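The values are calculated or read from the model by the stated rules, or taken from the named source; none is laboratory data. Quick caveat, the model's predicted, so the values are computed rather than measured. Note that each Cβ is placed from the backbone with ideal geometry, even for glycine, and that neighbours are counted across all protein chains shown.
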Amino acid sequence: MFNTSPEYWRNFMKKWSYLAVFMIMVTFAGIVLASVDPDPAILKVALLPDENASTIIKKNENLKVYLEKQLGKKIELVVTTDYSSMIEAMRHGRLDLGYFGPLSYVLAKSKSDIEAFACLSESGNTTYNSVIIANANAGINSLEDIAGKDMAYGDTASTSSHLIPKSMLAEKGLINARDYNEHFLGAHDAVALTVQNGKAQAGGLSKIIFETLVEKGMIDPTKVKVIAVSKPFPQYPWAMRSNLDPELKKRIRSAFLDMKDPEVLKGFKGATGFGPMCDKDYDIVRDLAKVLNLDLARM
């Protein structure tokens with residue numbers, strides 16, 4: 001027999017209401033994703049948020065002008081608040097191109113349909129290094145000396161300011177929370193300044209960014225020293241939406257691989273151009289995350 005009690009039917013209708021709302025949300029999400037323009041009049045180009053946003057935009061004005069000329073489209077430069085925001089923006093189709101760190105690219109790739117097509121090149125070299133630095137007065141002369149100290153990182157999704165330096169410490173048997181205390185500061189320059197000020201005794205960041213900070217006088221080499229340099233890793237990649245128009249994708253790829261003007265490249269530390277790159281080149285980053293037992297799906 002059917003249950004005819006009022007309570008039964010109230011619960012029954014409530015369950016179907018929830019299901020109906022869920023189906024509407026799924027359908028709406030599908031419509032939004034399907035409506036992403038494959039050949040937009042304005043290309044939204046995201047730059048890695050590893051420094052102050054206004055500084056990044058200013059340094060890349062020439063890039064904007066160059067891409068507008070090469071692609072015949074308006075370019076909107078975007079700097080999100082952090083790596084996670086950039087990944088989510090790409091995931092939801094709010095960005096067309098993005099300049100990622102290796103780990104943030106791997107994370108974005110796992111959540112959205114994008115493809116790496118070029119990476120920073122320095123005189124033909126498409127790899128880079130991280131460094132672990134220490135405050136000169138902290139008594140740290142080796143990685144092992146970081147035991148019991150405070151270690152500064154940039155963003156959790158940063159390769160050169162988190163993944164690589166953390167793996168360097170792990171190779172020496174040093175594990176966060178057991179052997180040292182980690183602190184995330186969001187950006188590479190913040191890591192260097194925090195170590196210099198002694199608020200953290202050690203930190204990890206990109207080698208080229210650290211050298212640039214020293215050249216600019218922001219970091220005093222008498223107060224901060226490099227105690228370790230990582231092995232080479234694949235450079236920062238450019239990635240684009242896979243559902244862009246094939247002809248547009250071809251023009252975008254060519255625009256970056258043909259980019260040689262130092263004024264256009266000055267926003268990319270140490271770059272003399274961009275070289276070809278594809279997704280499998282970043283398997284080394286995926287393997288490193290596995291070694292550290294990082295759950296990429298939760299990052």
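Quick look at the values:
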{"read-out": "Hits in the stretch 214-225 (condition: in a loop (DSSP other than H, G, I, E, B) and out of contact with any Phe, Trp or Tyr (no Cβ under 9 Å at 6 or more places or on another chain))", "value": "K216, G217, M218, D220, P221, T222, K223"}
{"read-out": "Residue match in the stretch 110-117 (condition: of a type in the set (K, R) and either under 16 Å from the mean Cα position of the chain (by Cα) or under 18 Å from M86 (Cα atoms) (or both))", "value": "yes"}
{"read-out": "Lone qualifier among K44, K69 - being touching an Asp or Glu at 6+ places or on another chain (Cβ under 6 Å) and charged (D, E, K, R)", "value": "K44"}
{"read-out": "Of residues in the stretch 70-109 being closer than 28 Å to A190 by Cβ and charged (D, E, K, R), the one farthest from the chain's Cα centre (by Cα)", "value": "E76"}
{"read-out": "Of residues in the stretch 228-244 being of a type in the set (A, V, I, L, M, F, W, C) and in contact with a Gly (Cβ under 8 Å, 6 or more places away or on another chain), the one farthest from F210 (Cα to Cα)", "value": "M240"}
{"read-out": "Filter result (surrounded by 15 or more Cβ atoms within 10 Å (Cβ to Cβ) and within 24 Å of the chain's Cα centre (by Cα)) within the stretch 215-228", "value": "I219, A228"}
{"read-out": "Of the criteria (1) assigned to a strand (DSSP E or B); (2) surrounded by fewer than 23 Cβ atoms within 10 Å (Cβ to Cβ); (3) in contact with a Leu (Cβ under 8 Å, 6 or more places away or on another chain), which one M240 fails", "value": "(2)"}
{"read-out": "Which listed residue is buried (at least 17 other Cβ atoms within 10 Å of the Cβ), in contact with a strand residue (DSSP E or B) (Cβ under 9 Å, 6 or more places away or on another chain) and among the hydroxyl-bearing types (S, T, Y), from Y83, Y128", "value": "Y128"}
{"read-out": "Cβ pairs under 7 Å, 6+ apart, first in the stretch 235-253 and among the polar types (S, T, N, Q), second at pLDDT 95 or above and in a loop (DSSP other than H, G, I, E, B)", "value": "S242/D113; N243/P38; N243/D113"}
{"read-out": "Scope the stretch 267-294; condition closer than 18 Å to L48 by Cβ, over 17 Å from the mean Cα position of the chain (by Cα) and modelled with pLDDT under 90; matching residues", "value": "G270"}
{"read-out": "Qualifying residue in the stretch 251-258 (condition: at pLDDT 95 or above, in a loop (DSSP other than H, G, I, E, B) and not basic (K, R))", "value": "yes"}
{"read-out": "Qualifying helices (runs of 4 or more DSSP H) (wholly inside the stretch 99-213; at least 2 residues being within 30 Å of S254 (Cβ to Cβ) and at pLDDT below 95)", "value": "102-111"}
{"read-out": "Among (1) part of a loop (DSSP other than H, G, I, E, B); (2) farther than 30 Å from A170 by Cβ, the one test that F268 misses", "value": "(2)"}
{"read-out": "Listing of helices (runs of 4 or more DSSP H) fully contained in the stretch 1-81 that carry 1 or more residues being among the small types (G, A, S) and at pLDDT below 55", "value": "6-34"}
